[in-house]
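Below is one structure, written out as structure tokens; the observations come after it.
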Amino acid sequence: MTRRNRGTSVVVMNEEPWECKICSTIYKDPNAKLLECQRCKDHFCIKCLNKSKPEYDLLSKSDSMWFCVPCRKIVEEHIVTDLKIEARCKEIMANYEQRIQLLELAVDTKCDETRVREIVEESIIKNSCDKDNDQRNS
């Protein structure tokens, strides 16, 4: 039996028949043309899908995935959701990268030994000037 599975046509040589999800026809013929939904794994004959043999051949030989109508709607909704999530993740990552750069700059600034010495010296000078002013005012 030939069926489309993960972008390829697969010849299945087993005893187990396959049932079309729509018409409930049982297919035992190894040459029966069925498509398998990549999401729900149900099988559909090309007659119920209104697919011609050339359409089936094209679908069975392509690398694209095939989904039945109910699953296609769900997959399309998931794609839209995934795109929104991806955009939001990019925003979050850009925000984090910006915050990390600011933190790195702050760490570099605060840990600069020369700058720390300058601040300490300015503080000592200011304190010394303040004490001198206090003594003069007393």
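The values are calculated or read from the model by the stated rules, or taken from the named source; none is laboratory data. Remember, it's a predicted structure, so these values are computed and weren't measured experimentally. Quick reminder, even Gly has a Cβ in these numbers, built from the backbone with ideal geometry, and neighbours come from all protein chains shown.
Residue by residue, here is whether (1) modelled with pLDDT under 90; (2) assigned to a helix (DSSP H, G or I) holds:
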| position | (1), (2) |
| --- | --- |
| Pro30 | yes, no |
| Lys51 | no, no |
| Arg72 | no, yes |
| Glu77 | no, yes |
| Thr81 | no, yes |
| Ile119 | yes, yes |
Filter region 29-41 for residues that are more than 17 Å from Phe67 (Cα to Cα) and not small (Gly, Ala, Ser); the one that is surrounded by the fewest Cβ atoms within 10 Å (Cβ to Cβ) is Asn31
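Right, Leu49: hydrophobic (A, V, I, L, M, F, W, C) and assigned by TED's automatic domain parsing to the domain that holds Glu19 or not? Please lay out each step first, then the result.
Numbers: hydrophobic (A, V, I, L, M, F, W, C): yes; assigned by TED's automatic domain parsing to the domain that holds Glu19: yes.
Answer is yes for this residue.
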If you scan region 28-49, which residues turn out to be of a type in the set (Lys, Arg) and under 33 Å from the mean Cα position of the chain (by Cα)?
Arg39, Lys41
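Just checking, how many residues over region 53-70 are part of a helix (DSSP H, G or I) and polar (S, T, N, Q)?
Residues flagged as part of a helix (DSSP H, G or I) and polar (S, T, N, Q) within region 53-70 amount to 1.
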For residues that are at pLDDT below 50 and on the phi > 0 side of the Ramachandran plot, scanning just region 2-28, find the one that is surrounded by the fewest Cβ atoms within 10 Å (Cβ to Cβ).
Arg6
